[in-house]
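J.: Quick one: this structure, given as structure tokens, is what I'll be asking you about.
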Amino acid sequence: MQGPRPWDGGRLEQVELLRVALGDPEVIPLLVGLRQEYAERYGPGDAADDVPASEFDPPGGAFLVLLDDGVTVAGGGIRRFDDETGEIKRMWTNPDYRRQGHAVSMIAALEDVARKLGYRRVLLETGHAQPEALALYRRLGFREIGNYGHYESATGFERVLIEEVTDGSGSGSGSGSGSGGRRRAPREPAGP
């Protein structure tokens, strides 16, 4: 497999988004890179293997990768957290492709899949040793919710994907002559 092409400051033209299984060959570089990065930043551990691969399978999950002419650029998965919530896991961008917008593209694609899977919101968590990820999630408008998982020092984030339209009574039930509980996508945060 050839190495990444030099980036010229524009979008890569050969990047393609694929839905794959966590065990597919396109994911191997992502998992290897993720384990290596976690070990460098946090020390030895099993954070890249904290949930079974099957949790990223349909009907409640999905795994996506971005490929540039066969090179794994970025990837991430969505899994069921509860009936209304998906959790984004395994977000990673190849170091040779960072700061080019691929993580933002991956988050947008994962949020789109989450909506299609019927999730109203997504959660994700990241650690203190990943300041770039913390800054990215904050910049993208994720709301900090504190620790929700089993990593003591992790920071949890959430983003509402589908808001209930209330009937004007404040109940949100959609009863009466209101909207009937229709859902709509929230407004996206303003850019920096």
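Values in this text are rule-based calculations from the coordinates and carry no lab data. Being a predicted model, the structure only gives us computed values, none of them experimental. We place every Cβ from the backbone using ideal geometry, glycine too, and count neighbours over all the protein chains shown.
J.: For VAL32, VAL113, what ranking results if the residue with the fewest other Cβ atoms within 10 Å of its Cβ goes first?
T.: If I rank by nearby Cβ atoms, fewest first, I get VAL32, VAL113.
J.: Taking other Cβ within 10 Å of each residue's Cβ, how do ARG79, ARG139 sort, fewest first? Walk me through the numbers on the way to the answer.
T.: Values: ARG79 23, ARG139 12.
Exposure proxy ranking, most exposed first: ARG139, ARG79.
J.: Rounded to two decimals, what is the ratio between the C-alpha radius of gyration of segment 24-76 and 2.2 N^0.38 Å?
T.: So the Cα radius of gyration is 1.22 times the expected 2.2 N^0.38 Å.
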